[in-house]
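Working notes for the structure below.
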Amino acid sequence: MDNCLFCRIVKREIPSKIVYEDDLVLCFQDIAPKAPVHLLLIPKVHVASLNDLKDEHKDVMAHLTMAIPQVAEKMGIKESGYRVVVNCGKDSGQEVAHLHYHILGGRSFGNTFG
Ligand code: AMP
Ligand code: ZN
């Protein structure tokens, strides 16, 4: 996907602050953080949103999910806790059409949403 912002970050065409990478996934700092730690964890393969997942993505999505606590540990928020958010579609406010987990930590969110 030539025009996809996050695909371009994967290809290093756009700079980012990478905190974790392996064959299947990339994790980098959000450019407009909403918490002291705000990371974006993405599959390297282009998938626009949760609505676009297919059977062929099962392995990468399992890998992506399993990477969350590894990244949290590396960033020092595993024990204090963190919030994982996935936006999907217009009403969610999804801005970048490449599936991503927001991983937010370093402060308390209480039990509120929104
Ligand atoms: P969403 O609204 O769920 O699509 O989230 C997109 C996120 O991408 C937002 O939190 C943005 O701050 C973040 N973002 C946009 N451009 C960049 C970029 N070049 N590098 C890192 N994060 C970005
Ligand atoms: Zn993409």
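Test Lys74 against the stated conditions and say whether it is within 20 Å of Leu5 (Cβ to Cβ) and touching a residue at least 24 places away in the same chain (Cβ under 8 Å). Even if it seems obvious, please write down each step before you answer.
On the way: within 20 Å of Leu5 (Cβ to Cβ): no; touching a residue at least 24 places away in the same chain (Cβ under 8 Å): yes.
So Lys74 does not fit the description; no.
Could you check how many residues of the stretch 21-63 are of a type in the set (A, V, I, L, M), more than 16 Å from Ile9 (Cβ to Cβ) and in a loop (DSSP other than H, G, I, E, B)?
Narrowing the stretch 21-63 to residues of a type in the set (A, V, I, L, M): 24-26, 31-32, 35, 37, 39-42, 45, 47-48, 50, 53, 60-62.
Now restrict to residues that are more than 16 Å from Ile9 (Cβ to Cβ): 35, 37, 50, 53, 60-62.
Now restrict to residues that are in a loop (DSSP other than H, G, I, E, B): 35, 53.
Looking only at that region, the number is 2.
Considering only residues that are in a loop (DSSP other than H, G, I, E, B) and more than 16 Å from ligand 2 (Cβ to nearest atom), look in the stretch 2-20 and name the one that is nearest to the chain's Cα centre (by Cα).
Our first condition is that a residue be in a loop (DSSP other than H, G, I, E, B); within the stretch 2-20, this holds for 2-4, 11-17.
Applying the additional criterion that residues be more than 16 Å from ligand 2 (Cβ to nearest atom) yields 15, 17.
Values: Pro15: 16, Lys17: 13 Å.
The residue in question is Lys17.
Which pairs have Cβ atoms under 7 Å, sit 6 or more apart or on different chains, and link a residue in the stretch 1-13 that is within 16 Å of Ser49 (Cα to Cα) and touching a residue at least 12 places away in the same chain (Cβ under 8 Å) to one that is within 9 Å of ligand 2 (Cβ to nearest atom) and assigned to a helix (DSSP H, G or I)?
As it stands, the answer is Met1/Cys7, since those pairs meet every condition given.
I'm trying to understand the selection: among the residues of the stretch 36-60, which are crowded, with 18+ Cβ neighbours inside 10 Å, more than 11 Å from ligand 1 (Cβ to nearest atom) and of a type in the set (A, V, I, L, M)?
Val37, Leu41, Val47, Val60
Those residues that are within 22 Å of Leu26 (Cα to Cα) and either under 10 Å from the mean Cα position of the chain (by Cα) or among the polar types (S, T, N, Q) (or both), I need them from the stretch 74-103; list them, please.
Result: Val84, Val85, Val86, Asn87, Gln94, His98, Leu99, His100, Tyr101, His102, Ile103.
Among the residues of the stretch 71-108, write down those that are part of a helix (DSSP H, G or I) and of a type in the set (S, T, N, Q).
Taking the stretch 71-108 first, the residues part of a helix (DSSP H, G or I) are 71-74, 90-92.
Answer for the stretch 71-108, where residues must be part of a helix (DSSP H, G or I) and of a type in the set (S, T, N, Q): just Ser92.
A short reminder: the numbers here are calculations on the coordinates, not readings from a lab. Predicted, not measured: the structure shown is a model, and the values here were computed from it. Every residue, glycine among them, receives a Cβ derived from its backbone with ideal geometry; neighbour counts consider all protein chains shown.
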